[in-house]
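Asker: Pasting a structure below so you can have a look.
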Amino acid sequence: MEYFVYHFQVFLLILIRMNSMFVIAPFFSSGIIPFRLKAILSFLITLIIFPVVASKGYDISGNSGIFFLMILREVAIGLYIGFLLSIVFAAFQLAGQYFAVQIGFGINEVLDPLSQISVPLIGQMKNLIALLVLLAMNGHHLMIEAIYHSYELVPFFDIGRMSSGKLVQYMMYSFSGMFVIALKIALPVVGTIFLISVSLGVLAKAAPQMNIMMMGFPFKIMVAFGVLLISSPLIIRVMHVSLERTFGFITKMMQHWPG
């Protein structure tokens, strides 16, 4: 107990970084999980990490202003780890948006229980598939490990490094990568629907007395879901690789985190 009292500032900083990640990270930020359960889980994980981090030694200033800045940085680091994973899930929803618009499902929206916003039905389906992929690859464990390993790259007492050029560059890569991932997932369906639309347009020009575009609407839906079913293993593979690369990206960005 005395050890905990003497190192309470370290415990508080670890708890803040962990809670900040829980606020925005996929799965942990879900409104389905009760707030009390999140708080208890964050406290228990911090209790496990705390002795290891505190044993490495630290030098925390007694100045309240400096300590407040350290708290702000802990919040920023925790939010950043969760935000990078949220960007990947936003890419999955964007791929669903591409898909839905092409087959006329863009107006059909449902409430996403994870992000608490309305998303297209197809986007919600792909978001849930991505969540299952995340749990299957133990992504919820990897997020907690990322918080632990972040103290090796960005300890709370390190205030010497001030260069943030690489950090901004990696952030730009993250946002641009979101559209690339969405395009990779949606390309089989979007490409197929585009070819069908062109074919129907040619047929409509050849036989203008027939309303081929309206007759082809259910045909496009049937083909789109058929292509989605066939390409499901590829989509799951892209999701798995994207999540794996995101966890590696977190490590790279942490190496350039400004002090």
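Asker: Would you confirm whether any residue within the stretch 192-201 is surrounded by 15 or more Cβ atoms within 10 Å (Cβ to Cβ), assigned to a helix (DSSP H, G or I) and modelled with pLDDT of 85 or more?
Answerer: First, pick out the residues of the stretch 192-201 that are surrounded by 15 or more Cβ atoms within 10 Å (Cβ to Cβ): 192-193, 196, 200.
Keeping just the survivors that are assigned to a helix (DSSP H, G or I) gives 192-193, 196, 200.
Now drop any that are not modelled with pLDDT of 85 or more, which leaves 192.
Yes, there is a match, as at least one residue in the stretch 192-201 is surrounded by 15 or more Cβ atoms within 10 Å (Cβ to Cβ), assigned to a helix (DSSP H, G or I) and modelled with pLDDT of 85 or more.
Asker: How about the stretch 196-212: which of its residues are within 19 Å of I122 (Cβ to Cβ) and not polar (S, T, N, Q)?
Answerer: The first filter runs over the stretch 196-212 and keeps only residues within 19 Å of I122 (Cβ to Cβ), leaving 196-197.
I196, the sole residue that qualifies.
Asker: Select from the stretch 58-67 the residues that are in a helix (DSSP H, G or I) and either modelled with pLDDT under 75 or polar (S, T, N, Q) (or both) and list them in ascending order. Walk me through it before giving the result.
Answerer: We begin by selecting, within the stretch 58-67, every residue in a helix (DSSP H, G or I); these are 64-67.
Answer for the stretch 58-67, where residues must be in a helix (DSSP H, G or I) and either modelled with pLDDT under 75 or polar (S, T, N, Q) (or both): just S64.
Asker: Among the residues of the stretch 25-57 satisfying the criterion of being surrounded by fewer than 16 Cβ atoms within 10 Å (Cβ to Cβ) and in a loop (DSSP other than H, G, I, E, B), which is farthest from the chain's Cα centre (by Cα)?
Answerer: Across the stretch 25-57, the extreme among qualifying residues is G57.
Asker: I would also like to ask the following. For the stretch 174-187, what are the residues that are free of Cβ contacts under 8 Å to residues at least 40 places away in the same chain and hydroxyl-bearing (S, T, Y)?
Answerer: S176
Asker: Sticking with this one: Looking at (1) assigned to a helix (DSSP H, G or I); (2) exposed (fewer than 14 other Cβ atoms within 10 Å of the Cβ), which is the one condition that is false for I236?
Answerer: (2)
Asker: Here's a check for you: in the stretch 239-252, which residue that is modelled with pLDDT under 85 and hydroxyl-bearing (S, T, Y) is surrounded by the fewest Cβ atoms within 10 Å (Cβ to Cβ)?
Answerer: T251
Asker: Checking M215 against (1) more than 25 Å from G123 (Cβ to Cβ); (2) exposed (fewer than 11 other Cβ atoms within 10 Å of the Cβ): exactly one of these is not met. Which one?
Answerer: Result: M215 passes all but (2).
The values are calculated or read from the model by the stated rules, or taken from the named source; none is laboratory data. Quick caveat: nothing in here was measured; it's all calculated off a predicted structure. Ideal geometry is used to build each Cβ from the backbone, glycine not excepted, and the neighbour counts take in all protein chains shown.
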